[in-house]
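Notes follow the structure.
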Protein chains: 2
Amino acid sequence: MRVVVYGGKGALGSTLVNHFKTKSWWVCSIDLSENPEADVNVVVKGANLQEQAANVNSEIEKSGIGAEKFDAIFCVAGGWAGGDAANKDFVKNTDLMMKQSIWTSVISANVAAHHLKEGGVLTLAGAEPCLEGTSFMIGYGLSKAAVHQLTASLAQSGGGLPTGAVVQCILPKTLDTPMNRKFMANADFTTWTPMSYITEMFTKWAEDPSSRHPNGALVKILTIDSITTETVV
Amino acid sequence: MRVVVYGGKGALGSTLVNHFKTKSWWVCSIDLSENPEADVNVVVKGANLQEQAANVNSEIEKSGIGAEKFDAIFCVAGGWAGGDAANKDFVKNTDLMMKQSIWTSVISANVAAHHLKEGGVLTLAGAEPCLEGTSFMIGYGLSKAAVHQLTASLAQSGGGLPTGAVVQCILPKTLDTPMNRKFMANADFTTWTPMSYITEMFTKWAEDPSSRHPNGALVKILTIDSITTETVV
């Protein structure tokens, strides 16, 4: 398998890279810094969306890694910042959320359109709470809502993905990451989704097309009493 | 009445400014260039969202117009560009759509949080087709979807708007503007919404709070056989 992890240096991303390497898959990490475990690193440069996209595309061309198509592209880049419209950091945080969620998803879609195999899979990262209004984290909410709608567009015929390729958008609630453990030390961890659940789900989706949800699915991933389930919205 | 038109130099925006001036309202236009009919112009400067927001906020402070609160803020900025994920202009057009729709809406929300009167009204510009996937205009679709979700967040208690203020997001299909007449000369104009409908609706919403839809409404504006109706999604 030849796969791309966008956000391959983050908590979930580096877990994915590590897992795929234990399976001897060829892995390309795209992120702001290198993940030494990956076979190839594309380090994103550029001050705006167009520069970043041009940089990622030209790195893929230059390195020659795009000559052979990818089986899967997993976009797990993201971040979190809160604030309502009156918050002093409202615009700054919204700007950051757009960069971390929308820009990365748009570039992933663009890379998928040109370099994903026919019948391959692209995953994007949405968020369950953003199916509704999210007054205490407005920038985060609108960015994830954009990713949800992008998923619907890409799944339509004429969306630009290769023939037979599908897009799946995962909507977890809280992932059990070291940072979340640190900042929410008193939370109920039995409602948090283990990263191993996501890595196994993604592995299955890459290896077995029949395991995927319908094209364009928004896949809610909920954990209750340490049991995780997938539900298509 | 003291009102702000964000996008006051565009087709719909200048129609609004003109209409409000016939009613002797005080009008501030925010746009990339001046509208001479407006009482005050804020000309947006800045290469990114944070700079533009800081510029608009500081112009409002400097000019002293923010000392008295606004009755209404109408954000009608926007534009259109198409393309699927494989289109050569996909990233460029998506970038433009985010600037024209998301940035302007976010800055409007920010201005509303600080300068709208209690019980005032903020309108944002959504789009009916973007309630679903929009494969042939992906950047436009995800940007408008972000505006729809922003509306839901702002309407929640704790969204940051002043007490009693409401947000309404209009979802027209095609407005009967000179540019649309030019570029779609053979379309069926009986399905296009006249700009006068929007100006009258906004006038009513500003003057009479009881004429507004529920807070956070996504208001579909559909014209069939030259008859226009409003439906809350």
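The values are calculated or read from the model by the stated rules, or taken from the named source; none is laboratory data. Remember, it's a predicted structure, so these values are computed and weren't measured experimentally. Glycine gets a Cβ as well: all are built from the backbone with ideal geometry, and neighbour counts include every protein chain shown.
Tell me, yes or no, whether region B:35-45 has at least one residue that is surrounded by fewer than 19 Cβ atoms within 10 Å (Cβ to Cβ), under 27 Å from A:G139 (Cα atoms), free of Cβ contacts under 8 Å to residues at least 40 places away in the same chain and out of contact with any strand residue (DSSP E or B) (no Cβ under 6 Å at 6 or more places or on another chain). Scanning region B:35-45, I find at least one residue that is surrounded by fewer than 19 Cβ atoms within 10 Å (Cβ to Cβ), under 27 Å from A:G139 (Cα atoms), free of Cβ contacts under 8 Å to residues at least 40 places away in the same chain and out of contact with any strand residue (DSSP E or B) (no Cβ under 6 Å at 6 or more places or on another chain), so the answer is yes.
Residues checked against (1) within 9 Å of chain B (Cβ to nearest Cβ); (2) surrounded by fewer than 24 Cβ atoms within 10 Å (Cβ to Cβ); (3) out of contact with any strand residue (DSSP E or B) (no Cβ under 9 Å at 6 or more places or on another chain); (4) modelled with pLDDT under 95:
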position: A:H114; (1), (2), (3), (4): yes, yes, yes, no
position: A:A125; (1), (2), (3), (4): no, no, no, no
position: A:F136; (1), (2), (3), (4): yes, yes, no, no
position: A:G139; (1), (2), (3), (4): yes, no, no, no
position: A:G160; (1), (2), (3), (4): yes, yes, no, no
position: A:Y197; (1), (2), (3), (4): no, yes, no, no
position: A:S211; (1), (2), (3), (4): no, yes, yes, no
position: A:G216; (1), (2), (3), (4): yes, yes, no, no
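Of all the listed residues (B:N41, B:N93, B:N35, B:N48), the sole one being at pLDDT 95 or above and facing chain A (nearest Cβ under 8 Å) is B:N48.
Scanning region A:162-195 for residues that are within 14 Å of chain B (Cβ to nearest Cβ) and farther than 24 Å from A:K9 by Cα returns A:P162, A:T163, A:A165, A:V166.
Region A:5-117 holds helices (runs of 4 or more DSSP H) entirely within its bounds, and those carrying 3 or more residues that are more than 14 Å from the chain's Cα centre (by Cα) and of a type in the set (A, V, I, L, M) map to A:49-63.
Checked against the criterion of being hydroxyl-bearing (S, T, Y) and either at pLDDT below 95 or within 24 Å of B:D89 (Cα to Cα) (or both), the candidates A:S14, A:S58 yield just one match: A:S58. Among the residues of region B:187-214, which ones are without any contact (Cβ under 8 Å) to a residue 60 or more places away in the chain and under 14 Å from the mean Cα position of the chain (by Cα)? Passing the criteria: only B:M201.
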